[in-house]
Structure formats: C-alpha cells, structure tokens
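A.B. asks: Have a look at this one before I ask anything.
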Amino acid sequence: FGEYAEAVASVYGWGGHFRIDVHGMKTNLPSNSAVRSFGNPQGYFTTETIIEHIASTLGKPAEEIRERNMLTKANAMTPEKQEMEFFNADMLYAKVKADSRYTERAAAVEEFNRANRWRKRGISAVPLRYGHSYVYAAGSGALVNINGSDGSVVVHHGGVEIGQGIHIKVAQVAALTLGCDLEAIKVGESNTDVVPNMRFTGGSITSEVCCEAVRRACLDLNATLEPHRKFLREKKQAEIAADPARAGESPEPSFPEVAAAANSVLGHQEKLAATGIFAPTNNKYTTDVEGKPNGKPFHGDYFTFGAAVSEVELDVLTGQTQVIRSDVLFDVGQSINPGIDIAQIEGAFCWGLGYYMHEEPLMDARGADRTQGVWEYKPPMAAEMPREFSVELLRDNPFPKGILGSKAVGEPPFMLAYSVLGAVKKAIGSAPQEGGGP
C-alpha cells in the first residue's frame, strides 16, 4: 500500500491539494505476492489515467497536461516533503520526444487516422520517477579472497543471481578496485556458510549494495598490498634505469606479482582475505542500538527518472494491436555495465507491456482461476514486441551519491510500458471521430 501511495504523485505538482487514502480489502480470492515494482504499476496507472481524463475533458493532448504540471529541478519535492535530488524527468521527457520526432509523428498519426476507417494509430509520451529504498538489501556483506599463488580472486557476496547480472557487476567492481584482469575474478555461489546474514534480493538495489560491499573489502586488500606494490615498483624502476634496452618500460608490477610478494612461502604471509559490508542509514527504517530511528523520515533513499514514447496501430474491428515503435530514455547515473542495464530496461518494459496490455487473470464467482493455460491467459510473445525498440541511457551523468556514480535499474522501466496503453487509448478515442466507431 505504501509503495502505491507514494507512486501516485509521480513527477507532477499537485499544488498542495494531494491526498491519497489506501485501504486493504478482504475478498474471496487469495492474496498475490509482490512482483516487479511493488504497487508502482497500479499507482502509475491511476496517475496517468487522471491526466488523460483531464486532457479529454479539456479537449487537449495528454502530453500538454503532463508538461504543464510537471515538476522541475527548482520545485521537485514529493507530497511527503522529500526533495527529489538531481531531478531530471522534465529534461528526459523533452529529450525523448525530440529524439523520437514525436511532434512530426503525431501529425502523421492524425493523417493516418483521417485516411483509415478501420485501422487507427496512437502515439503517447510519458515520464517516470521511481523511489529506491536501500532497506531491502541493506547490510549485505561480501568476502574477497586473493590467491597468492596465481593472483586469482574469489568473491562471495550477499545477493542472489536471478538473471539481473549481479555476478558480472560484482566481478567488474572487484577487478576495477583491485587493478586486476576481469578474467582473474571468480564469483562464488550464494552461501550463508560463507556470507552470513544475507538480506533480501530485490527492490532493484541488491546489485549496487553488493558491489559497494565488495568494493570496501577490496579497498582493505589494497591497503595490505600497497607496501608490496611500492617495493616492487621501486625495484623495477631501478632495474629499468640500469638497462637502456628497457627504456620506456612500465615499472608497475602486475597484480599476480604483487599477490605473490604478499604471500611468499618463506617470506611474507599477509592476510589476503577481507570482508566488507554496506549498510545505508538514510531512510526511516534505520535505527541506533536502542532501536530508535536515526535516518531521514522517508521510505526511499533516492530517485531514478525516465521517459518513453510509443506508437501503436489498432484494428478497430478485432482489437488486434501492434506496437510500431517504442523509444525509452533512462537515467541510471554512470552505468557500471551499460549492456546489463539496457537489457534490464528492455526486459522491464516488455514485462510492463504484458501487464498493461495482455495478461488478465480471470476468476469465476467461486474464486477459481479460469485462466490456467495459454488458451485463456495471454503473455506477450515476440509478435507483441515493438517493431522498433530503442533504449538509451542518459550519458555523462554520474550520480554523486551512487555506487561508483550509478543508480539502480531493475524495476522502474516497467511503468514506462504505460506509453503503449496510452497510445492505444488515443487510437480507440480517434475511432468515433474519424469515420465512426465499429
């Protein structure tokens, strides 16, 4: 309920006239477990439906209503009085509209609808803001071991790899921090015997929490290795200076050389294992040793922002819909792995497309599920995907408070699939105007 209530405000200014009361209802159906975005898709649907209703009543495009009421960096604050730092939803919205040639294509859509009685098109642009809370994964730890024999590194962390690429990101951060090759990193499977007190994997932020825990462990290991690295560097500098044939050679020792020096069999035997933990304390859930709150009085720690434009074509007689094109622009700060983040955006968008457009569990009067197979329950398949699908990450935009300048990405793009539903609504709305309804 809390997630839903916080999502409804979205990126709009409500002029101080905002109140939402959420009540749970007991029905004859079993309750559903939470999935991607925890109430945000429902809240987002509520908000954009309000915007569309206002636009329809006033006879104006929904995009105009969105733009006239959208917050800016100067006044970006939630109804709960939480400042939305580094707010850029308005800029992303304007940029994705410009990059996708929204105005030109909207005019083409109107011309298409005038020329076609039984096929209609619609195009819609929507913005997004999403609040992230570290509470779900806060406190996840990591263990990093360096093998002195060959310089290989084994990393264990407190997250679970469920396809979100957490192992790859963790390995990248370890290699970057230690200064070794990525191929030298092995990520161990999740194991509470190795990393105890693992937290919840979810809420989009487990990857960054685990990356920071690993980075902190690696920084401790760097401190242990530095005297050996310095000695080897100075020794190599002297050797290069004494040999003209080696002029221009780098004096920097390799990582395996440093690891070997720190763990020589008959010499030094440094502790080449370190643990790290990342436990943020910036939300209302964190407490001191007495259990008293010591963070800020808000659910979330920071916000991500995005925007999308989608164009659809609708068969008025059958209801068959084809997504012609979708463009997504998203702010993930300085991405740790752009390939993974873009794939996460694509996956979330397609999942949202199914939620908003295709998947509808139906229950009979007895509460029995009548959609237990694909004859009745229709998840989106390849044919339902956008014919053209463009996903872009906002460039040169590191997040100062993020892990290595990054932001979370897994859940928020789900709601941008509402641009497809918004476009379908426009296509349906054009049918009575252009040539009559079915």
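The values are calculated or read from the model by the stated rules, or taken from the named source; none is laboratory data. All of these numbers come straight from a predicted model, not from anything done at the bench. All Cβ positions, even for glycine, are placed from backbone atoms using ideal geometry, and neighbour counts span all protein chains on display. Please note that ligands, DNA and RNA were not included when accessible areas were found on the heavy atoms of the full protein model with its side chains. Shrake-Rupley method; radii C 1.70, N 1.55, O 1.52, S 1.80 Å.
A.B. asks: Order Met70, Met357 by their accessible area, 1.4 angstrom probe, all chains in place, largest first.
C.D. replies: Result, largest first: Met357, Met70.
A.B. asks: Springs between alpha-carbon pairs under 10 angstrom, Gaussian network model over the chain: which of Cys180, Cys210, Cys218 fluctuates most?
C.D. replies: Per the Cα network of the chain with a 10 Å cutoff, Cys180 tops the list.
A.B. asks: Round to a whole angstrom and tell me the spacing of the C-alpha centers of segment 114-155 and segment 50-86.
C.D. replies: Segment 114-155 and segment 50-86 have Cα centres spaced 25 Å from each other.
A.B. asks: Right, next: With a/c under 1.5 counting as rounded, go ahead and sort segment 242-336 into rounded, prolate or oblate using the C-alpha gyration tensor (a ≥ b ≥ c being the square roots of the eigenvalues; past the cut-off, prolate if a/b is larger than b/c, else oblate).
C.D. replies: Since a/c reaches 1.5 but b/c is at least a/b, the shape of segment 242-336 is classed as oblate.
A.B. asks: Taking 0.36 nm per intervening residue step and subtracting the Cα-Cα distance, what contour gain separates Tyr377 from Thr72 on full extension?
C.D. replies: 105.7 nm
A.B. asks: Specify whether the C-alpha gyration tensor of segment 72-191 places it in the rounded, prolate or oblate class, a ≥ b ≥ c being the square roots of the eigenvalues: rounded for a/c under 1.5, otherwise prolate if a/b is larger than b/c and oblate if not.
C.D. replies: Since a/c reaches 1.5 and a/b is larger than b/c, the shape of segment 72-191 is classed as prolate.
A.B. asks: I've got another one for you. For a quick protection proxy, order the peptides 4-17, 145-158, 378-391 by their average other-Cβ count within 10 Å, most packed first.
C.D. replies: My ranking of the peptides, most packed first, is 145-158, 4-17, 378-391.
A.B. asks: Cα centroids of segment 389-430 and segment 251-301: how far apart, whole angstrom?
C.D. replies: Rounded to whole Å, the Cα centres lie 32 Å apart.
A.B. asks: Also: Among Ser31, Ser310, Ser56, determine the one that fluctuates most according to a GNM of the chain built with springs between C-alpha atoms less than 10 Å apart.
C.D. replies: Among Ser31, Ser310, Ser56, the largest mean-square fluctuation in the Gaussian network model of the chain belongs to Ser31.
A.B. asks: Compute the long axis of helix 338-357 from its Cα atoms, compare it with the longest principal axis of the Cα atoms of the chain, and write down the angle in degrees, 0 to 90, nearest 10.
C.D. replies: On a 0 to 90 degree scale, this one is about 30.
A.B. asks: Give me the number: length gained by fully extending Ser56 to Glu85, i.e. 0.36 nm times residue separation minus the C-alpha to C-alpha distance, one decimal in nm.
C.D. replies: The Ser56-Glu85 span can extend by a further 7.2 nm.
A.B. asks: GNM on the chain, C-alpha springs below 10 Å: top fluctuator among Leu416, Leu219, Leu128?
C.D. replies: Leu219
A.B. asks: Also, quick follow-up: When only DSSP loop residues count, what GluC sites (Glu not before Pro) in segment 150-214 have their Cβ near at most 15 other Cβ atoms within 10 Å?
C.D. replies: Sites meeting the loop and neighbour criteria: Glu189.
A.B. asks: For Asp364 and Glu252, calculate 0.36 nm times their separation in residues minus their Cα-Cα distance, and state this gained length in nm to one decimal.
C.D. replies: 33.2 nm
A.B. asks: Running Debye on segment 1-157 with equal point scatterers at the Cα sites and no solvent, what base-10 log of I(q)/I(0) appears at q = 0.09, 0.13 Å⁻¹?
C.D. replies: One equal scatterer on each Cα of segment 1-157 leads to -0.49, -0.82.
A.B. asks: Roughly how many nanometres apart are two label points built 7 Å out from the Cα toward the Cβ at Ala242 and Ser149?
C.D. replies: 3.2
A.B. asks: In degrees, nearest 10, range 0 to 90: what is the angle between the Cα axis of helix 40-58 and the longest Cα principal axis of the chain?
C.D. replies: 40
A.B. asks: Shifting gears a bit: Is segment 314-438 rounded, prolate or oblate when judged by the Cα gyration tensor, a ≥ b ≥ c being the square roots of its eigenvalues, rounded requiring a/c under 1.5 and prolate requiring a/b larger than b/c?
C.D. replies: oblate
A.B. asks: Something else now. Based on the mean of other Cβ atoms within 10 Å per residue, sort peptides 279-289, 233-243 so the most packed one is first.
C.D. replies: Result, highest mean Cβ count within 10 Å first: 279-289, 233-243.
A.B. asks: Right, another one. I need the phi-derived Karplus couplings for segment 195-202: 6.51 cos²θ - 1.76 cosθ + 1.60, θ = phi - 60°, integer Hz, Gly and Pro marked x.
C.D. replies: 10, x, 6, 5, 9, 5, 8, x
A.B. asks: Quick check: Cα centre of segment 10-42 to Cα centre of segment 330-381, how many Å?
C.D. replies: One Cα centre to the other: 18 Å.
A.B. asks: If you don't mind, there's one more thing I want to ask. Applying a 10 Å radius around every beta-carbon, put 75-81, 398-404 in order of their mean neighbour count, most first.
C.D. replies: My ranking of the peptides, most packed first, is 398-404, 75-81.
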